[in-house]
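Let me begin by presenting the structure, written as structure tokens, before commenting on it.
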Amino acid sequence: MCCAFNDSGLKRFTRDFYCVCPGILEMVLVPKNLENYHDGPNPTYVGLGQNFGADTSYFDKEIASNRNWWFFPVCITRHWLVYAFDVSGKRMFVLDSIYSKPDTARSRLDSYAASIIEDIAQVAIPTYRPTQKGLPCTYASVPIQPNGFDCGVYTIKYMEYWTEDKKLNDWEYVSSLTYIPYYHILYSNVNVCTDKHFFNIDFYMQDVVKLYRLEIILDIILCHKNISIGAALNALDSRALPPVRRNQPRNKRMEVRTPFTALDTKSILRRVGGKPKKKSTKRI
């Protein structure tokens with residue numbers, strides 16, 4: 001998810017935003033660590049490892065230090081949400097498609113996440129000084145999903161469109177029209193046997209989220225990394241040796257392929273026009 005955003009080349013992610021790998025927060029925000037978390041002036045909690053930041057595979061601190069905002073997508077108890085961190089302003093926004101305001105459990109989770117995020121900021125920016133009372137946390141005004149299974153779609157769209165001064169209460173309906181060509185590619189009669197009523201464009205245009213879902217599926221399928229993986233697999237298949245067959249059956253009807261192989265008696269008599277005599281089976 002984050003690799004696709006950071007490598008997309010969009011000005012949004014080359015100038016203002018940086019997406020942090022979801023596994024970083026998910027590795028720490030587990031129920032056991034959350035139970036042992038104690039908030040206060042001197043909070044105690046399980047943090048990141050000492051070598052965090054040495055490897056740039058999941059977090060490139062050099063690139064992150066040059067961005068104004070960091071996105072932290074995270075999946076907690078099978079629910080996706082995004083923490084948006086204002087680096088210079090030392091603020092945190094929660095972009096959640098279910099919760100519009102926190103309860104006691106969510107406040108504890110948000111406070112723990114804020115502590116980890118400030119630890120990450122200190123790794124990327126040595127001059128960063130953490131807040132004394134923790135990051136101020138605000139639940140942003142974002143669209144709420146109508147069902148209970150599209151949180152991943154909303155999370156991706158939050159990172160794609162959200163800014164502090166732009167409200168997403170009403171997603172532009174016109175933007176969904178740009179995904180109709182992708183719809184035709186995915187549900188072409190050549191690819192699948194479609195049902196005329198189920199795969200009707202008018203039916204899908206009634207729900208923009210479904211079109212967004214199709215777009216995300218296509219981005220995953222048509223990703224350049226998947227293409228390179230497929231090329232590598234094809235190269236490995238072409239280099240694979242054919243399987244070795246042991247104790248292969250002999251072909252008794254195979255003709256003589258070399259003149260140096262001796263002919264049998266039947267072949268010699270057939271060439272001279274004679275026929276072999278049958279052995280007598282009479283007993284004396």
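The values are calculated or read from the model by the stated rules, or taken from the named source; none is laboratory data. Note that the structure is predicted; figures quoted are calculated from it, not measured. Every residue, glycine as well, gets a Cβ built from its backbone with ideal geometry; the counts of neighbours run over all protein chains shown.
For the reader, a short list of remarks on this structure follows.
- The stretch 123-152 residues that are acidic (Asp, Glu), paired with ones that are modelled with pLDDT of 90 or more (beta carbon under 9 Å, 6 or more apart): Asp150/Ser97
Residue by residue, here is whether (1) in the same structural domain as Val82 (by TED's automatic domain parsing); (2) in contact with an Asp or Glu (Cβ under 9 Å, 6 or more places away or on another chain); (3) at pLDDT 80 or above; (4) buried (at least 16 other Cβ atoms within 10 Å of the Cβ) holds:
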| residue | (1), (2), (3), (4) |
| --- | --- |
| Ser111 | yes, yes, yes, yes |
| Pro136 | yes, no, yes, no |
| Ala140 | yes, yes, yes, yes |
| Tyr154 | yes, yes, yes, yes |
| Tyr182 | no, yes, no, yes |
| Ser188 | no, no, no, no |
| Tyr204 | no, no, no, yes |
| Leu214 | no, no, no, yes |
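- In the stretch 15-25 there is no residue matching the filter, namely being free of Cβ contacts under 8 Å to residues at least 40 places away in the same chain, among the hydroxyl-bearing types (Ser, Thr, Tyr) and either under 22 Å from Ser115 (Cβ atoms) or in contact with a Ser or Thr (Cβ under 6 Å, 6 or more places away or on another chain) (or both).
- For the stretch 1-21, the criterion of being touching a Gly at 6+ places or on another chain (Cβ under 8 Å) and either outside any loop (DSSP other than H, G, I, E, B) or modelled with pLDDT under 85 (or both) is satisfied by no residue at all.
- Per the conditions (1) part of a loop (DSSP other than H, G, I, E, B); (2) loosely packed, with under 14 Cβ neighbours inside 10 Å, the sole criterion not satisfied by Gly53 is (2).
- Yes/no for Glu35 being in contact (Cβ under 8 Å) with a residue 40 or more places away in the chain and acidic (Asp, Glu): no
- Residue in the stretch 104-120 that is without any contact (Cβ under 8 Å) to a residue 40 or more places away in the chain, out of contact with any Phe, Trp or Tyr (no Cβ under 8 Å at 6 or more places or on another chain) and over 17 Å from Leu29 (Cα atoms) present: no
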